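For reference, the structure discussed in these notes is given below.
The values are calculated or read from the model by the stated rules, or taken from the named source; none is laboratory data. It should be emphasised that the depicted structure is a prediction, and the values quoted were computed from it without experimental measurement. Ideal geometry is used to build each Cβ from the backbone, glycine not excepted, and the neighbour counts take in all protein chains shown.
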Amino acid sequence: MKKLISLLVSAALAVTSVFALAGCSGTKGSGNEASNFKVGAIYINSQNDTAGYTYAHHHGITEAMKQVGLDPSKDLYIVDNVPEDDEKVKQAIDQLAGNGCNIIFGISFGYLNAMDEKAKEYPDIIFSHATGYLSNDKNFNNYFGRIYQARYLAGIAAGYKSLALGNNNIGYVSAWGTEYAETCSGINAFAMGCMAVNPDAKVNVYEIYTWGDQEKERQAAELLIDTYGCCVIAQHCDSAQPQIVANEKNVFGCGYNSDMTKEAPNAHLAAPVWNWDAYYATAMKAAMANPSTFMTEVGNYYEGLNAGLVDVSALSSNCEPETKEAIDLAKKMMINGEWDVFSGVKLSFSGAAGSVAVAKTDAPLVTNEGAEIVAAGGASVDDSVIQGTMNYYVEGVTQVNK
Amino acid sequence: MLDVFTLFLFNIIVYNIPLLYGTTGEIMIEKSGSLNLGVEGTMAIGAVVGYLAGAKTDSLLVAVLVSFIASGLVGMLFSFLTVTLQANQNVTGLTITTFGVAFYYFIGNALSNSAGGWPSLNGTRLDAQSQSLEIPLLSKIPFFGKAIFSHGILVYLGIVIAVLMWFYFKKTVPGLKLRAIGENPAAADSLGVNVALYKYTHIIIGSGIMGIGGLYMGLNMGGTFEGSNCWINGYGWISIALVIFANWSPAKALLGTLVFGFFNTLRVQNAALAYAFPNALGWLLKIPSHFFSALPFIITLIVLIISSLSSKSRSGEPQAIGRNYYREDR
């Protein structure tokens, strides 16, 4: 009898924990009279997240659906908490195909091989993969954005702060360093933004070697402030811990992914943010109009400030008064295409609030080891470099741990 | 601004004290002859429930009591399953870890999606209470003062618990009876010790202690809810290894925490040490970071190997650990 009860209680416990997990992974929407067009999405975390990477994409997809006249509660099918494992991704794709989805978005890098393979198996479904590099010419594209442009703008805010404080040391807590072009180009663009305002600014990078670990993110920020004397802490990692530490230690910071002024009211300046709905709306419109021309209409998508895909969050009251004007000037130049970050032309900002001016000077793009990447006055590096092969820091950047 | 040396010592304590809670809590449970692998889950439940109760009442005392009770209830569940119903201890412990961590995410996600959102402690009284307090005079000692005598109250509570537990095991009659149960429950039973009662009590108290460690992680190391990253972050598992490291002694648990903490801090701070003392420690930069990341675990492995090689008679391991006690088998 005892054994039976113990079995029952254990079973009950196990079932409850399964439900606890399932609570965050249920598939939304099983509407009976859905429209003809159905959207599928594969998430690395949960659709119920309230911040972070999956949240940003889920928010983008639901917003975009409203814009193009679809109802996310009926026309959206989600499989969430899908790890980067080919078998699991393929199962998720089969499930979404079975639901009759016309377009499937996969948001995590490691989904790429499974999506590539399944795109051949389901030629009538459009596959769209974030952050990857594979595609075909019929029904499989990749999409990402020029987040480095937004980081440059955040760098301007940090640069003004460091000028005002008379402290040239700026810290940067980064998940990875030169291993990934995504983190590397972000660090470089941020540093160049700082130096456009404060030419003596030095960016100290602490690499935590993981996308997310709250304790490490905290400690890295503490070190940058206490040991290296940094007055602004920027970040490329999952949680808001670096901003919280900056707030505790009375310095300033630039978050990432969302406006972190909520977490660090006295510290946060501005954060580079994604507005994924800009892409999702474009993709859905094209797929709804004519799926067969999707690859010629949309193709592999790589846009930035011009498409509204990236931006900086609203500047907080912690920012110096000149910041907004300078950011607007730089933003305008990037939007109309007259200038871009990784070119042989440097911007420099001068003047007090109300009369901030920007000047262009021809100067080579040089790594922190002295190698010249772009000659003075030269055009911007290729997008393929920014997306894939950039593995050096620019002058003014030092990685404090290796 | 703290100097490198002070920050290093400070962080050894501040980022590793939850291990002391986890380890002493587990030692108390194992001394009663039960192996509880549910430390991670028990800490997660104590953390999230205590944090929310604290945020609601804005009181550190309430937060500590609630996390103790919440985790104590988890301990009671474990006792009920393994002592009363004689379920397998390993499986029950693992179930509790799965359950506890999932509970953390469940509550966290539900709350983050609700209208009020996840409660932030920014600027609350609870936040102030859990932050560092400088002990007068002692914190002014050069070099060590700031690093050792300017912590939050929960750091000192953890050390007090370890010392009291050591005293309890060594010097009191109930402590002696408890150790007897862990070594040979049948013998203790024949002497009139209520085995089930002792097991229940100590599993509940041990679990409660773990819960306070979880709360500490929520208050001092985490605070925001991330859908992808649990506050406990593996500390519960390391605690189980530290029990063996400490040879089932609460006093040595303190030592083990500091040793593990030293290497755990070194993996973050090696570059800063090299930066601050380029002549003496500049060589640290030549070693890849990944080695330092692995170091705490390599050290743990080495200690586990050494302790398993040492003679059985000197081991503090309770002889009846992991085996359920059937009175009828006597």
Open item on the list: So if I check each of A:PHE342, A:PHE349, which one is in contact with a helix residue (DSSP H, G or I) (Cβ under 7 Å, 6 or more places away or on another chain), assigned by TED's automatic domain parsing to the domain that holds A:VAL232, within 17 Å of A:ALA191 (Cα to Cα) and part of a strand (DSSP E or B)?
Closed with: A:PHE349
TODO: Just give me the residues in region A:285-319 being acidic (Asp, Glu) and surrounded by 20 or more Cβ atoms within 10 Å (Cβ to Cβ), in sequence order.
DONE: A:ASP311
- [ ] May I ask you to say which residue of A:VAL345, A:VAL400, A:VAL374 is under 24 Å from A:ALA234 (Cβ atoms), aliphatic (A, V, I, L, M) and within 24 Å of the chain's Cα centre (by Cα)?
- [x] A:VAL400
- [ ] Scan region B:113-146 for residues that are in contact with a Ser or Thr (Cβ under 7 Å, 6 or more places away or on another chain), within 12 Å of another protein chain (Cβ to nearest Cβ) and buried (at least 17 other Cβ atoms within 10 Å of the Cβ) and jot them down.
- [x] B:TRP118, B:LYS146
TODO: Quickly run through region A:136-185 and pick out the residues that are part of a strand (DSSP E or B), over 20 Å from A:ALA240 (Cα atoms) and among the hydrophobic types (A, V, I, L, M, F, W, C).
DONE: A:PHE140, A:PHE144
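Yes or no, residue by residue, for (1) out of contact with any helix residue (DSSP H, G or I) (no Cβ under 8 Å at 6 or more places or on another chain); (2) at pLDDT below 95; (3) small (Gly, Ala, Ser):
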position	(1), (2), (3)
B:THR172	yes, no, no
B:LEU191	no, yes, no
B:LEU197	yes, no, no
B:HIS202	no, no, no
B:ILE205	no, no, no
B:GLY208	no, no, yes
- [ ] Give just the number: which of (1) at the interface with chain B (Cβ under 9 Å from one of its Cβ atoms); (2) over 20 Å from the mean Cα position of the chain (by Cα); (3) crowded, with 24+ Cβ neighbours inside 10 Å does A:GLU248 not satisfy?
- [x] (3)
Open item on the list: So A:LYS402 passes all but one of these: (1) closer than 20 Å to A:ALA154 by Cα; (2) within 14 Å of chain B (Cβ to nearest Cβ); (3) surrounded by fewer than 18 Cβ atoms within 10 Å (Cβ to Cβ). Which condition number does it fail?
Closed with: (1)
Task: Residue tally, condition touching a helix residue (DSSP H, G or I) at 6+ places or on another chain (Cβ under 6 Å) and of a type outside the set (A, V, I, L, M), over region B:1-14 - done: 4
Task: Selection count, region A:112-129, where residues are under 21 Å from A:ARG146 (Cα atoms) and either among the polar types (S, T, N, Q) or at pLDDT 95 or above (or both) - done: 2
Open item on the list: So, B:ILE306, is that one loosely packed, with under 14 Cβ neighbours inside 10 Å and either under 23 Å from the mean Cα position of the chain (by Cα) or hydrophobic (A, V, I, L, M, F, W, C) (or both) or not?
Closed with: yes
- [ ] Out of A:ILE93, A:ILE125, report the one residue that is more than 22 Å from A:ALA307 (Cβ to Cβ), β-branched (Val, Ile, Thr) and more than 25 Å from the chain's Cα centre (by Cα).
- [x] A:ILE125
Task: Hey, B:ASN279 more than 14 Å from chain A (Cβ to nearest Cβ), surrounded by fewer than 24 Cβ atoms within 10 Å (Cβ to Cβ) and out of contact with any Asp or Glu (no Cβ under 7 Å at 6 or more places or on another chain) or not - done: yes
Task: Matching residues in region B:292-307 - criterion: being in contact (Cβ under 8 Å) with a residue 24 or more places away in the chain and out of contact with any Lys or Arg (no Cβ under 9 Å at 6 or more places or on another chain) - done: B:ILE299, B:THR300, B:VAL303, B:LEU304, B:SER307
TODO: Go through (1) more than 12 Å from chain A (Cβ to nearest Cβ); (2) within 19 Å of B:THR42 (Cα to Cα); (3) not in a helix (DSSP H, G or I) and name the single condition B:ALA87 misses.
DONE: (1)
TODO: Restrict the check to region A:164-173 and report whether at least one residue is within 13 Å of chain B (Cβ to nearest Cβ), closer than 29 Å to B:HIS290 by Cβ, of a type outside the set (Gly, Ala, Ser) and buried (at least 24 other Cβ atoms within 10 Å of the Cβ).
DONE: yes
- [ ] Could you pull out the residue among B:ALA102, B:ALA110 that is loosely packed, with under 15 Cβ neighbours inside 10 Å, within 14 Å of chain A (Cβ to nearest Cβ) and at negative phi?
- [x] B:ALA110
Task: One residue from A:GLU297, A:GLU303 being more than 14 Å from chain B (Cβ to nearest Cβ), under 18 Å from A:ILE107 (Cα atoms) and of a type outside the set (Ser, Thr, Tyr) - done: A:GLU303
Task: Selected residue (only one of A:ALA119, A:ALA114 is farther than 30 Å from A:ALA314 by Cβ, in a helix (DSSP H, G or I) and either among the basic types (Lys, Arg) or free of Cβ contacts under 8 Å to residues at least 24 places away in the same chain (or both)) - done: A:ALA119
Task: Residues within region A:187-220 that are surrounded by 24 or more Cβ atoms within 10 Å (Cβ to Cβ), in a helix (DSSP H, G or I) and more than 11 Å from every other protein chain (Cβ to nearest Cβ), tallied - done: 10
- [ ] Can you tell me which residue within region A:135-150, out of those that are within 12 Å of A:GLY106 (Cα to Cα) and over 18 Å from the mean Cα position of the chain (by Cα), is surrounded by the most Cβ atoms within 10 Å (Cβ to Cβ)?
- [x] A:PHE140
Open item on the list: Is it the case, given these coordinates, that B:ILE244 is modelled with pLDDT of 85 or more, β-branched (Val, Ile, Thr) and closer than 30 Å to B:ALA102 by Cα?
Closed with: yes
- [ ] Can you give me the ranges of the helices (runs of 4 or more DSSP H) entirely in region B:121-229 with at least 1 residues that are more than 24 Å from the chain's Cα centre (by Cα) and more than 30 Å from B:TYR105 (Cα to Cα)?
- [x] B:144-148, B:173-183, B:185-190, B:195-216
Task: Residue selected from region B:255-272 under the condition surrounded by fewer than 21 Cβ atoms within 10 Å (Cβ to Cβ) and under 15 Å from B:PHE10 (Cβ atoms), by the criterion farthest from the other protein chains (Cβ to nearest Cβ) - done: B:LEU258
Open item on the list: Take the conditions touching a helix residue (DSSP H, G or I) at 6+ places or on another chain (Cβ under 6 Å), among the aliphatic types (A, V, I, L, M), buried (at least 22 other Cβ atoms within 10 Å of the Cβ) and over 23 Å from B:LEU273 (Cα atoms) and apply them to A:ALA281. Does it pass?
Closed with: no
